[in-house]
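Below is one structure, written out as structure tokens; the observations come after it.
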Amino acid sequence: MITVTKTFLPPIAEYQAILQRAWDKQWMTNRGELVLELEDKLKNYLQVPHLTCTNNGTVPLQIALELFGREGEVITTPFSYVATTASIVWQHCTPVFVDIHPEYLTIDETKIEAAITLKTTAILATHVFGNPCAVEKIDRIAKKHNLKVVYDAAHCFGVTYKGQSLLNYGDVSTLSFHATKLFHTGEGGCWVANNKEISDSMYYSHNFGHYKPEQYFGVGINAKMSELQAAMGLAVLPYINSIIEERKQIYETYNLLINFDEINNISIRKDTKWNYSYYPIILKSEEVLKLLMSKLSEKQISTRRYFYPSLNTLNYVIYKEMKISEDISKRILCLPIYNGLTGKEIELIVSVINDLKY
Ligand SMILES: *Cc1c(COP(=O)(O)O)cnc(C)c1O
């Protein structure tokens, strides 16, 4: 069985040695020393000014929208994981979809201004598969219209754009440390804010609104990361460069072996140091995609339709046609990519792809 992804697990002795510190202190959560150490190490690795760890990658989206959304319209991408749209709706904001660029698959910045109304409060875009949005142009539009920009950067661990962390663009970026992500803490995540005031407001919100034991900054929720999650992060982090390097090898092997006559892959934006987080291929039609999925599954190879369906078709949003996103989401398939995927396994996967009769 070849799965589409596999969680990287550090040697258990290394994980246990870190856990021992929590045992010794008998301290399990509420921003213990392991969470603080992980935050320091992440700030240093990612080269970002303000970072707070959270219990997953969705709640920080909700906290950012609690702050910026004000129950207004939030301009967003239809091509992402469902959490991006769901968090907008959950915060009683209205998602206003803008179609995507056909090659980068990120929100088409040239269509954003036409979607802005007096009710627009924020832009929530996804750097999908770790591919940067047109961050400078989006920044200019946001400044002009006085909007806040939140990036769902769940796929962006370690990605740099024009020589600096991609997370430094926009007002807030959120990362997911879910077990299926490149860097993980089992469940977990963080946000990065570029401004201390925003970072502080979100910080209070993520801990019930506390700023002193008996005083509250405002309404809050519980999004704290526990020591158990942080221990996993501290055990995984030393391996991150080799994790990315191994994925790069897999990515390059696929690129070399796949016959691209009838298949496309995505274009990564220029000036990006990418992290090889996914290997999506775009097929000619949904029929071909279904055929390929079944041929692969006959060989015990699993794939995932990331991202399908296009989020503007969810039954809890107002439908508006998004031609490119709806079309691409029907034809895009993510191939297995994870640490430990062998050359032989890649050859087997590619042989099924290249043998497909159209
Ligand atoms: C994984 C993911 C999330 C959700 O992260 P969790 O940590 O599972 O809550 C949000 N957005 C995108 C684009 C994701 O891929």
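The values are calculated or read from the model by the stated rules, or taken from the named source; none is laboratory data. Computed from a predicted structure; not experimentally measured. Note that we place each Cβ from the backbone using ideal geometry, even for glycine, and neighbour counts take in every protein chain shown. When the accessible area is computed, the model is the full protein with side chains, heavy atoms only, and any ligands, DNA or RNA have been set aside. Shrake-Rupley method; radii C 1.70, N 1.55, O 1.52, S 1.80 Å.
Quick one: would you say residue 32 is farther than 29 Å from residue 95 by Cβ and open to solvent by less than 10 Å² (accessible area, probe 1.4 Å)?
Yes.
With 84, 77, 121, 117 as the choices, which residue is touching a residue at least 12 places away in the same chain (Cβ under 8 Å), in contact with a helix residue (DSSP H, G or I) (Cβ under 9 Å, 6 or more places away or on another chain) and open to solvent by 10 Å² or more (accessible area, probe 1.4 Å)?
121
If residue 56 meets every condition in (1) within 12 Å of the ligand (Cβ to nearest atom); (2) in a loop (DSSP other than H, G, I, E, B); (3) touching a helix residue (DSSP H, G or I) at 6+ places or on another chain (Cβ under 6 Å) apart from one, which number is that one?
(3)
Please list, ordered by residue number, the strands (runs of 3 or more DSSP E) wholly in segment 69-185 having 3 or more residues that are away from the ligand (no atom under 12 Å from the Cβ) and assigned by TED's automatic domain parsing to the domain that holds residue 233.
73-76, 94-97, 120-126
Suppose we filter 34, 61 for residues that are over 22 Å from the mean Cα position of the chain (by Cα) and aliphatic (A, V, I, L, M); which single one remains?
34
Taking the residues in segment 329-340 that are open to solvent by 10 Å² or more (accessible area, probe 1.4 Å) and of a type outside the set (Lys, Arg) as candidates, determine which candidate is nearest to residue 93 (Cα to Cα).
Here the residue is 339.
Hey, any hits in segment 286-293 for a residue that's touching a strand residue (DSSP E or B) at 6+ places or on another chain (Cβ under 8 Å), closer than 21 Å to residue 77 by Cα and touching a residue at least 12 places away in the same chain (Cβ under 8 Å)?
The answer is no, given that none of the residues of segment 286-293 is touching a strand residue (DSSP E or B) at 6+ places or on another chain (Cβ under 8 Å), closer than 21 Å to residue 77 by Cα and touching a residue at least 12 places away in the same chain (Cβ under 8 Å).
Filter segment 283-328 down to residues that are within 20 Å of residue 258 (Cβ to Cβ), open to solvent by 40 Å² or more (accessible area, probe 1.4 Å) and not in a loop (DSSP other than H, G, I, E, B), then give me how many there are.
Qualifying residue count for the region: 9.
Looking at this structure, is residue 64 of a type in the set (A, V, I, L, M, F, W, C), open to solvent by less than 20 Å² (accessible area, probe 1.4 Å) and either within 21 Å of residue 166 (Cβ to Cβ) or in a strand (DSSP E or B) (or both)?
Considered against the rule, which asks whether it is of a type in the set (A, V, I, L, M, F, W, C), open to solvent by less than 20 Å² (accessible area, probe 1.4 Å) and either within 21 Å of residue 166 (Cβ to Cβ) or in a strand (DSSP E or B) (or both), residue 64 comes out as yes.
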